[in-house]
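The values are calculated or read from the model by the stated rules, or taken from the named source; none is laboratory data. Remember, predicted model here, so these are calculated numbers, not experimental data. Cβ placement follows ideal geometry from the backbone for every residue including glycine, while neighbour counts extend to all protein chains displayed.
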Amino acid sequence: MHRDRTMSALPPFSETRLGAPAPARVLACGAYLKNTACLLDGDRVRWSPPHGDLGTPEACTALEASVAALVATAGGAIDAVAHDLHPDFHSSRLAQAWAASLGVPAIAVQHHHAHLAVLQAERGAADAAPLVGLALDGVGLGTDGTAWGGELLRLDGGACTRLAHLPLLPLPGGDAAAREPWRLAAAVLHHAGRADAIVPRLGAQVGEAAARGVAQLLARDLRCPRSSGAGRWFDAAAGVLGLSLRQAEEAEAAVALERAASSWLAGHPMPPLPAPSLDLWPLLVALLDEPDAGRGAARFHGALADGLVAAASQACAAAGTRAVALGGGCFFNRLLSDRIAAGLADHGLAAWRPQTVGVGDAGLALGQAWAAALQWAAGRAAPAAAATPAPLPALES
C-alpha cells in the first residue's frame with residue numbers, strides 16, 4: 001500500500017457535528033464488524049464510507065484506503081490514532097502502523113468503553129464528570145483478556161471502570177457456539193446438573209455425535225471459553241426454548257426470541273419475574289421446563305431488563321448521576337430497550353441513546369476517537385515507539 005494518495009482518490013466522506021470540540025485531533029479505525037473509520041477534528045467528525053466486516057481482504061483494503069484519505073484531509077496533523085483493544089484486528093495493526101509513521105500515540109480503547117464514549121462525544125463531555133452506562137452486545141475483548149458483552153461501566157473522563165457484568169457463560173466449541181445456539185442450550189443443561197439430558201434432548205435435531213461431543217467438552221471443560229456477552233445469553237435462551245438451534249445470519253436467534261416475546265405479550269401481561277438480578281442462571285435453568293416458548297421469551301426479556309435497571313440505578317446513586325448511557329447492538333431490540341428505559345424512568349433516571357450514529361458497531365469509531373482524545377489530553381497516552389514510517393501489515397489471504 002502506498003501513502004502518496006492524491007486527493008482525487010479520496011473516497012466519499014460524510015460529516016456530523018458535536019456539541020463541543022474534542023481536546024485532540026484523533027483518527028479512529030473503528031470496529032471489526034460493520035467497520036467505519038473517522039477523523040475527530042474539533043467539533044467535526046468526518047466519516048469514511050462503511051467497509052463491512054474486516055474478515056475479508058476487500059474490507060481491509062477499503063479501510064486502508066479510507067484511513068489514508070482521512071490522514072490526507074488532515075494534512076498529517078493528527079495527535080493520536082485510536083483502535084480496538086484486540087491486537088489481532090486488521091484495524092488495530094493498521095492504526096499502530098499509521099501511529100508509528102506519524103510519530104503519535106496509538107491508543108487502544110476497549111470495545112464497550114468506546115460504545116459509551118459515543119454518548120460522551122455527542123454531549124461534549126470533556127471533563128471528568130462520571131457517566132454510567134450499559135454496553136450490551138455479542139462480544140468485545142475485555143481488559144482482563146476475556147470476552148465481554150454484558151457490561152455496566154463507569155466513565156470518568158477518558159478512564160473506564162467495569163462495575164458489574166452478566167454471568168460468564170461457557171461457549172462449548174468457542175466461536176461455533178455463537179453460530180449454533182443449541183451448544184449454549186447444552187451448557188445450560190450441564191449447569192443445571194442435567195448433562196445426561198443433552199443427547200436425548202438435542203441429538204435428534206443436531207445429530208447424536210455432535211451433541212455427545214459437546215457434552216464431553218462441557219464435562220471436561222475443554223474448548224469452553226467464558227463470555228459475559230448479552231448476545232450469547234440471548235442465544236442461550238433461544239436455544240433452550242427451541243426457537244433457534246443454528247443461525248444462518250447474525251442475531252437470528254435474538255430476533256426470533258424478541259419476536260416470540262412480543263407476539264406473546266401482545267395478548268398477555270408480562271409473566272411473573274424473579275427478583276431483579278444480573279444472575280441469569282436460575283432463569284435459564286427454569287426455562288428448560290417452560291412449555292410455552294413465547295412466555296419463556298417474555299420472561300427472559302423482562303428479567304434481563306429488570307436486572308440491568310436495578311444494577312444501573314445503584315451505580316447512578318453511587319456516582320451521583322441521573323442518566324444511564326445505552327450502547328451496543330442489543331439495544332436494537334425494541335422490547336429490551338423500551339423496558340430498560342421505562343425501568344430507569346421509574347427510578348427517576350434518563351436513558352441516553354446515541355443520536356448521530358446507531359447504537360451498534362458502525363458508530364464505534366466516534367467513541368474510540370473521543371476516549372483517545374480525552375486520554376491524550378490527560379497525558380495518559382504514551383508516544384509511539386518509532387517516528388519513522390512503518391510498513392503496513394499484509395492482508396491475510
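Name the single residue, out of those in region 123-182 being in a loop (DSSP other than H, G, I, E, B) and among the acidic types (Asp, Glu), that is nearest to residue 301 (Cα to Cα). Looking at the filtered set, the residue picked out is 180.
The C-beta contact set for region 66-79 (first residue more than 16 Å from residue 105 (Cα to Cα) and part of a helix (DSSP H, G or I), second residue at pLDDT below 95 and of a type in the set (Lys, Arg), distance under 8 angstrom, 6+ apart or interchain) comprises 68/3; 68/5; 69/5; 72/5. When residues in region 308-328 are screened for being small (Gly, Ala, Ser) and buried (at least 24 other Cβ atoms within 10 Å of the Cβ), 4 of them pass. Within 30 Å of residue 44 (Cα to Cα) and among the β-branched types (Val, Ile, Thr), is that true of residue 359? The answer is yes for residue 359.
Conditions tested, residue by residue: (1) more than 17 Å from the chain's Cα centre (by Cα); (2) among the polar types (S, T, N, Q).
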residue: 110; (1), (2): no, yes
residue: 113; (1), (2): no, no
residue: 143; (1), (2): no, yes
residue: 152; (1), (2): no, no
residue: 155; (1), (2): no, no
residue: 159; (1), (2): yes, no
residue: 173; (1), (2): yes, no
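Conditions (1) of a type outside the set (Ser, Thr, Tyr); (2) closer than 18 Å to residue 158 by Cβ; (3) at pLDDT below 95, marked per residue:
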{"site": "3", "(1), (2), (3)": "yes, no, yes"}
{"site": "37", "(1), (2), (3)": "yes, no, no"}
{"site": "49", "(1), (2), (3)": "yes, no, no"}
{"site": "78", "(1), (2), (3)": "yes, yes, no"}
{"site": "82", "(1), (2), (3)": "yes, yes, no"}
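Once region 276-292 is narrowed to residues that are within 27 Å of the chain's Cα centre (by Cα), part of a loop (DSSP other than H, G, I, E, B) and not hydroxyl-bearing (Ser, Thr, Tyr), the residue that is surrounded by the fewest Cβ atoms within 10 Å (Cβ to Cβ) is 279.
All of (1) more than 30 Å from residue 351 (Cα to Cα); (2) assigned to a helix (DSSP H, G or I) hold for residue 115 with one exception: (1).
So which residues in region 256-274 are of a type in the set (A, V, I, L, M) and closer than 20 Å to residue 188 by Cβ?
From region 256-274, those of a type in the set (A, V, I, L, M) are 256-257, 260-261, 265-266, 270, 273; that's our starting set.
256, 257, 260, 261, 273, listed by residue number.
Here residue 112 meets the list (1) at pLDDT 95 or above; (2) out of contact with any helix residue (DSSP H, G or I) (no Cβ under 6 Å at 6 or more places or on another chain); (3) over 24 Å from residue 307 (Cβ atoms); (4) not basic (Lys, Arg) almost entirely, failing just condition (3).
Applying the selection to region 246-275, what residues are part of a loop (DSSP other than H, G, I, E, B) and not small (Gly, Ala, Ser)?
Here is the first cut: in region 246-275, the residues part of a loop (DSSP other than H, G, I, E, B) are 246-251, 266-275.
If the condition is that a residue be part of a loop (DSSP other than H, G, I, E, B) and not small (Gly, Ala, Ser), then 246, 247, 249, 250, 268, 269, 270, 271, 272, 273, 274 are the ones that fit.
Residues that are assigned to a loop (DSSP other than H, G, I, E, B), touching a residue at least 40 places away in the same chain (Cβ under 8 Å) and surrounded by fewer than 21 Cβ atoms within 10 Å (Cβ to Cβ): does region 338-347 have at least one? For region 338-347, residues assigned to a loop (DSSP other than H, G, I, E, B), touching a residue at least 40 places away in the same chain (Cβ under 8 Å) and surrounded by fewer than 21 Cβ atoms within 10 Å (Cβ to Cβ): absent.
Look through 237, 219 and report the one residue that is surrounded by fewer than 24 Cβ atoms within 10 Å (Cβ to Cβ), hydrophobic (A, V, I, L, M, F, W, C) and in contact (Cβ under 8 Å) with a residue 24 or more places away in the chain. Full working, then the answer.
Numbers: 237 fails: surrounded by fewer than 24 Cβ atoms within 10 Å (Cβ to Cβ).
Exactly one of 237, 219 is surrounded by fewer than 24 Cβ atoms within 10 Å (Cβ to Cβ), hydrophobic (A, V, I, L, M, F, W, C) and in contact (Cβ under 8 Å) with a residue 24 or more places away in the chain, namely 219.
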